[in-house]
1. Go through segment 88-104 and count every residue that is more than 13 Å from D116 (Cβ to Cβ) and under 21 Å from the mean Cα position of the chain (by Cα).
2. Taking the options V53, V97, V19, V29, name whichever one is hydrophobic (A, V, I, L, M, F, W, C) and exposed (fewer than 10 other Cβ atoms within 10 Å of the Cβ).
3. Please determine whether any residue of segment 3-15 is at pLDDT below 90 and hydrophobic (A, V, I, L, M, F, W, C).
4. So which residues in segment 61-94 are surrounded by 12 or more Cβ atoms within 10 Å (Cβ to Cβ) and of a type in the set (S, T, Y), if there are any at all?
Amino acid sequence: MKRRNHVTTGLTSQQGFTVVELVIVIVIVGILALAASAKYIDLSASAERAACVKNQMALETAQKIFFAQEMINGDGGRYAATLEELLPHIGQGAAPVCPSGGTYLLHADGSVSCSDTDHAR
């Protein structure tokens with residue numbers, strides 16, 4: 001029997017990804033990106049709501065200061081009817097604005113609400 005000598009050249013067969021495997025990976029990455037963007041949108045809405053609630057609380061504090069000032073002045077104590085009346089009692093000097101475009105409603109009992117129903121407290 002004669003033996004054959006096999007000569008190896010040092011090259012090995014290279015294997016890569018198939019098109020199907022690449023498509024599956026791209027689909028999975030797309031699904032993850034969609035989930036992340038949905039979470040981002042949800043966080044944006046939550047941040048807008050939190051900012052609006054903070055503004056409402058700041059306006060209610062200004063309402064209490066306005067009421068106390070009215071009592072000290074002997075005007076019988078009343079709450080402000082408009083945001084303009086509260087401006088001197090707001091630390092930033094300007095009326096806060098709802099981040100989603102709602103308007104703030106001042107109530108006779110000193111409470112404040114937003115016209116955007118998602119921002120209710």
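1. Going through segment 88-104, the residues more than 13 Å from D116 (Cβ to Cβ) turn out to be 88-96.
With the extra rule that they be under 21 Å from the mean Cα position of the chain (by Cα), the set shrinks to 95-96.
Counting residues in segment 88-104 that are more than 13 Å from D116 (Cβ to Cβ) and under 21 Å from the mean Cα position of the chain (by Cα) gives 2.
2. Numbers: V53 fails: exposed (fewer than 10 other Cβ atoms within 10 Å of the Cβ); V97 fails: exposed (fewer than 10 other Cβ atoms within 10 Å of the Cβ); V29 fails: exposed (fewer than 10 other Cβ atoms within 10 Å of the Cβ).
Answer to the check: V19.
3. The initial filter retains those residues of segment 3-15 that are at pLDDT below 90, namely 3-15.
When the remaining residues are screened for being hydrophobic (A, V, I, L, M, F, W, C), the result is 7, 11.
Yes.
4. T61, Y79
For (1) of a type in the set (S, T, Y); (2) free of Cβ contacts under 8 Å to residues at least 12 places away in the same chain; (3) over 23 Å from S100 (Cβ atoms); (4) part of a helix (DSSP H, G or I), each residue gets a yes or a no:
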{"position": "Y40", "(1), (2), (3), (4)": "yes, yes, no, yes"}
{"position": "S46", "(1), (2), (3), (4)": "yes, yes, no, yes"}
{"position": "A50", "(1), (2), (3), (4)": "no, yes, no, yes"}
{"position": "A62", "(1), (2), (3), (4)": "no, no, no, yes"}
{"position": "F66", "(1), (2), (3), (4)": "no, no, yes, yes"}
{"position": "M71", "(1), (2), (3), (4)": "no, yes, yes, yes"}
{"position": "L87", "(1), (2), (3), (4)": "no, yes, no, yes"}
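The values are calculated or read from the model by the stated rules, or taken from the named source; none is laboratory data. It should be emphasised that the depicted structure is a prediction, and the values quoted were computed from it without experimental measurement. Glycine also receives a Cβ, built like all others from the backbone with ideal geometry; neighbour counts cover every protein chain displayed.
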